[in-house]
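Down below is the structure, laid out as structure tokens.
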Amino acid sequence: MKSLALALLMCVPAAALAAPTLVLPRQADRTAEEARAMGSYALPIGPWSDGQAETVATEGEVTQTAWRIRGADITTMALIAELRDQLIAEGFDVLFECETDACGGFDFRFSTRVLPEPEMHVDLGDFRFLSARRVAGPVPDYVSLLVSRSADSGFVQMTRVGAAMAKPAALAKPVPASARPPLPTDADGVTTALNNAGKVVLQDLAFDSGSARLSEGDFASLSALAAWLGRNPGRRIALVGHTDAEGSLDANVSLSRQRARSVMERLVSAHGVNPAQLSADGVGYLSPIASNLTPEGRTRNRRVEAMIASTH
């Protein structure tokens, strides 16, 4: 069966957000999507028991997406097995997985947030659930999958909390800013991050709130990035701009693109980087790495990331 890679965040490059990308059957249709730039989600990590389900409270950008996959021969077991393997391949660890009665049946289904019918259908006699976590930065990403079916179709709902800020819970505790390791800006740090993670935050760049202008001066991260590109002439870097949550989404997407382009121009003009090795885009406030509720968090969210876009 041919498959089609479907990005889980509409209108936003999956690679730019480091969001998981599922490969669903070709006949899959996205039926609904809801996104909140800052929201909360009680992620189930255990079955319904004694009047409640064990959850971990997460905060961040919450996106819920549903798909309908037409075909009477698709089973919920086969669907979730394939999607589970894809999440694991993208660095996620499964926290909890269950099937119908083992989940808690009716009570479990109605204790968790589900997109409405008919866009997302849940058969109370045949559904499966999975929650997972990926720790690839200062704060983890969380994902849950709910899979069910009707007489002629399978249904998949994915809930993602991007750059999630986990509240105190059994599985996760907030890490004080003072205890977080600094993001690399020196040559060795940039090289290590690009080679190991495929991306790096250019942490020492200076942008004022609402401004696309890159401050004058030498930035160690740009010198290191230029040197890395010089040693790897066959590779390309995507510069991705990010903002805090002040203002509208459209305005912030535009601002973040301008910031990324400003960095690109500086790399070319001041460091002699081949422009064919660079691209620039922005996603506004859709991928925070810290809370936008504090001045410190907003400062961290105003950033540009460098991500490997090709390896040849």
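The values are calculated or read from the model by the stated rules, or taken from the named source; none is laboratory data. Being a predicted model, the structure only gives us computed values, none of them experimental. So basically every Cβ, Gly included, is an ideal-geometry build from the backbone, and we count neighbours across all protein chains shown. The protein model used for the area step is the full one, side chains on, heavy atoms only, and it has no ligands, DNA or RNA in it. Shrake-Rupley method; radii C 1.70, N 1.55, O 1.52, S 1.80 Å.
The modelled label-to-label distance between ASN195 and ALA57, using points 7 Å beyond Cα along the C-beta direction, is 4.3 nm. A cut-off under 12 angstrom between Cβ atoms defines the neighbours of VAL240, and their net charge, with Lys, Arg +1 and Asp, Glu -1, is +3.
So if each residue of separation counts as 0.36 nm, and I subtract the Cα-Cα distance between ASP93 and GLU117, what length gain in nm does that give? Could the numbers behind the result be given before it?
Working: separation 24, 0.36 × 24 = 8.64 nm, distance 2.96 nm.
Gain on extension, ASP93 to GLU117, equals 5.7 nm.
Ordering GLU82, GLU59, GLU265 from largest to smallest accessible area (1.4 angstrom probe), what's the sequence? Working shown, then result.
On the way: GLU82 95, GLU59 60, GLU265 120 Å².
Reading off the accessible areas and sorting them downward yields GLU265, GLU82, GLU59.
For PHE96, the solvent-accessible surface with a 1.4 Å probe is about 30 Å², rounded to the nearest 10.
For segment 187-309, which whole percent of the accessible surface, found with a 1.4 angstrom probe, sits on carbon and sulfur atoms? Each step should come with its number before you reach the end.
Values: 2540 of 5360 Å².
C and S atoms contribute 47 percent here.
In segment 28-162, the portion of solvent-accessible area held by carbon and sulfur atoms comes to 49 percent [1.4 Å probe, whole percent, DNA, RNA and ligands not counted]. Taking amide hydrogens as placed 1.01 Å from N in the peptide plane, the amide H of ALA280 sits under 5 Å from those of LEU239, each at least 5 positions away in sequence or on another chain. In sequence order, segment 226-231 has phi-based couplings of 4, 5, 5, 5, x, 7 Hz under the Karplus curve 6.51 cos²θ - 1.76 cosθ + 1.60, θ = phi - 60°, and Gly or Pro positions carry x.
Tell me, what is the percent relative contact order of segment 187-309, built from C-alpha pairs under 8 Å that lie six or more residues apart? Please list the in-between numbers first.
Working: 236 pairs, mean separation 42.6, N = 123.
Across segment 187-309, relative contact order equals 35 percent.
Proximity of backbone amide H atoms, modeled 1.01 Å from N, is registered between GLY104 and TRP48 at under 5 Å, excluding neighbours fewer than 5 places apart on the same chain.
Solvent-accessible surface of segment 28-162, averaged per residue with a 1.4 angstrom probe and all protein chains in place: 41 square angstrom.
Across segment 187-309, Cα-Cα pairs more than 27 Å apart make up 13 percent of the total.
Taken per residue, the accessible surface of segment 187-309 reaches 44 Å², heavy atoms only and a 1.4 Å probe.
Probe radius 1.4 Å, ligands and nucleic acids left out: which of ARG68, ARG26 has the largest accessible area, and how do the rest follow?
On the way: ARG68 60, ARG26 150 Å².
Solvent-accessible surface, decreasing: ARG26, ARG68.
Here the relative contact order of segment 28-162, from alpha carbon pairs under 8 Å that lie six or more residues apart, stands at 31 percent. The residues packed around GLY105, meaning those with a beta-carbon under 12 Å from its beta-carbon, carry a net charge of -4 if Lys and Arg are +1 and Asp and Glu are -1.
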